[in-house]
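Chemist: Dropping a structure here in structure tokens format, bear with me for questions.
The values are calculated or read from the model by the stated rules, or taken from the named source; none is laboratory data. Only a predicted model underlies this, so the values are computations on that prediction, with no experimental measurement involved. Counting neighbours? That spans all protein chains shown, and the Cβs are built from the backbone with ideal geometry, glycine included. With ligands, DNA and RNA removed, areas are computed over all heavy atoms of the protein, side chains included. Shrake-Rupley method; radii C 1.70, N 1.55, O 1.52, S 1.80 Å.
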Amino acid sequence: RSAKRARLDWAGRVAMLPPDDARTLAARLVCFGFDGLEVNAHCARMLDLGCGAVILFARNVESPAQVARLCAEMKRRVSPRKLLVMVDQEGGRVARFKEPHFTAIPSAETVGNAADAANAARVVGDVVGKECRAVNVDMTLAPVVDVNTNPQNVVIGNRAFGTTPNAVGVTASAFVRACQSRGVAACAKHWPGHGDTTDDTHAATAITKHGLKRLRVVEIPPFVDAVKAGVASVLVAHVQVPGMENSTTSESPPPASTSAAVVGYLRERVGFGGVVMSDDMEMDALANLPGGIGQCAVDGLNATIDLFLACHTEQTQLEIIDALRSAIENDATGETRCYAANAEERLRVLADAFVDGADAAEANAYKLECSVLEGTTREVVGNPEDARRVRDACGTSPRL
């Protein structure tokens, strides 16, 4: 879809707002995480509030059949609306689905170092998409499209496909096309580039110090390639990028995830009209900002962020929902309410393309449960043939 077609007319959307109250609309824009292998009280409360998405971690994974059933139960609880289920399945050190139940996926660096890196990425993207869809996961938060130009970078490193924008762009685009051909949405991250930072936004404020001229040459091109490949979503980092800000003051620039200038560049200059999401709002990079995490979410919404990740605590999830609700209810101009309506619409478009409903999810779960009884689960996920394909394409063991 072109950015022009995907862009919505804010004024026109006011009269088309859904009948949901402001808190439900706010909840639609939150992706929550929880502890446990089944739908527990925390999970149920967030689903009943109307959260639009959920993210799984290793803490939610016991076996393929269990994951498929968990996702099916969550989707049934919110039916007939759709629930976006996502996971970080990059490969290497960031993989929630692991051996022996799933195919081992190598790091992006290993994929990028293959003799035919684009083909290796196609194979890996195909296997990731196949296995995610088999267990009712609708999106993988991959590929990383950061360019690994700083050897001191502690957060990206071997999560990147390479050290040049062309290598990263070609390889990431191949992954996107292959994964999405399996019906699983991909997500390019971490806009506008986290490859040349020395700090980790999980633990501290990170700054990309380059000016826009350098960013246009190194950091931004792989995102342009991913958008041209049709990537369904883009994740925005909490990095500060003074080179993209319009202000000339000496004030500390806002994190990219709350910056109208940084997100606006992605929307208007790169032309991305799909779902834009924040990185986890519980990262320490946001912890001490004025107004707290709730205000960061409001600023992000006004910067046209569509979905806010809150991966761990219910308290934070509720703080974000309540802050967004208040901003929508108390919006004198109607602009924030329009941003929220547009965000919900972009999420709906993504759901129509990639998110399975409850019936399909339950059929998938039943198929996997039958395969357990029949001893044929590896024909569905963790297939030795898929493992061989990955090894052959990458030219090395995916354990490395």
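Chemist: Starting from the residue with the highest accessible area, list 67, 227 in decreasing order, probe 1.4 Å.
Modeler: Greatest to least solvent exposure: 227, 67.
Chemist: Quick one: net charge around residue 34, please, counting Lys, Arg +1 and Asp, Glu -1 for every other residue with C-beta under 12 Å from its C-beta. Write out the running numbers ahead of the final one.
Modeler: Values: positive: 45, 59; negative: 35, 38, 314.
With Lys, Arg at +1 and Asp, Glu at -1, the net is -1.
Chemist: Now for a separate question. If I compute solvent accessible area with a 1.4 Å probe over the protein chains, what percent of it on the chain is carbon and sulfur?
Modeler: Carbon with sulfur: 50 percent of the solvent-accessible area.
Chemist: What is the spin-label model distance, in nm, from residue 374 to residue 329 if the labels are put 7 Å beyond Cα along the C-beta direction?
Modeler: 5.3
Chemist: Also, I was wondering about something else. Treating only the Cβ atoms of Lys and Arg (+1) and Asp and Glu (-1) as charged, compute the dipole magnitude of region 22-394 about its Cα centre; round to the nearest 20 debye.
Modeler: Once rounded to the nearest 20, the dipole reads 740 debye.
Chemist: If you don't mind, another one. With r defined as the distance between the Cβ atoms of residue 367 and residue 388 and R0 fixed at 22 Å, what FRET efficiency is calculated, to the nearest 0.05?
Modeler: 0.40
Chemist: Would you work out which of 304, 316, 383 lies farthest towards the positive end of the dipole of region 294-400? Charges go on Cβ: Lys and Arg +1, Asp and Glu -1.
Modeler: Selected residue: 383.
Chemist: Let me ask you something else. Under the definition of Cα pairs under 8 Å and six or more residues apart, what whole-number percent is the relative contact order of region 87-134?
Modeler: 27
Chemist: Along its principal axes, what span do the Cα atoms of region 51-196 show, with the longest given first and each in whole Å?
Modeler: Here the Cα extents, ordered largest to smallest, are 45, 27, 26 Å.
Chemist: Follow-up. Which value, in nm² and rounded to one decimal, describes the direction-averaged projected area of the C-alpha convex hull of region 324-400?
Modeler: Values: hull surface 38.3 nm².
The directionally averaged projection comes out at 9.6 nm².
Chemist: Then there's this: Would you kindly find the accessible area of residue 76, with a 1.4 Å probe and non-protein molecules such as ligands, DNA and RNA excluded, rounding to the nearest 10 Å²?
Modeler: Result for residue 76: roughly 90 Å² accessible.
Chemist: For the chain, calculate the relative contact order in percent as a whole number, restricting contacts to Cα pairs under 8 Å that are 6 or more residues apart.
Modeler: Relative contact order here is 23 percent.
Chemist: Any chance you could list the semi-axes, whole Å, largest first, of the equivalent ellipsoid that the Cα gyration tensor gives for region 22-71, using √(5λ)?
Modeler: 22, 10, 8
Chemist: Here's something else I'd like to know. Of 136, 241, 270, whose Cα points farthest to the positive end of the dipole of the chain (charges on the beta-carbon: +1 Lys, Arg; -1 Asp, Glu; origin at the Cα centre)?
Modeler: Going by the Cα projections, it comes out as 270.
Chemist: Please list the helices of the chain that count as membrane-span-like by this rule: a mean Kyte-Doolittle hydropathy of at least -0.5 together with Cα atoms stretching 18 Å or more along the helix axis, each helix being a complete DSSP H run.
Modeler: 64-78, 117-134, 165-181, 314-329, 335-354, 358-374
Chemist: Please give the length that would be gained between residue 284 and residue 35 if that part of the chain were fully extended, namely 0.36 nm times their separation in residues minus their C-alpha to C-alpha distance (nm, one decimal).
Modeler: 87.6 nm
Chemist: Right, next: Taking amide hydrogens as modeled 1.01 Å from N in the peptide plane, which residues meet the under 5 Å criterion relative to residue 274, leaving out close sequence neighbours?
Modeler: For residue 274, no residues qualify.
Chemist: Take every DSSP beta bridge with both residues inside the chain and express the antiparallel ones as a percent of the total, to the nearest 5.
Modeler: Restricted to the chain, the bridges split so that about 10 percent are antiparallel.
Chemist: Shifting gears a bit: Probe of 1.4 angstrom, ligands and nucleic acids ignored: what's the accessible area per residue over region 22-394, in square angstrom?
Modeler: It amounts to 36 Å² per residue over region 22-394.
Chemist: Sticking with this structure for a sec: Could you give the semi-axes, largest first, of the ellipsoid that matches the chain, computed as the square roots of 5 times the alpha carbon gyration tensor eigenvalues and rounded to whole Å?
Modeler: Calculated on Cα positions only, the semi-axes equal 31, 27, 18 Å.
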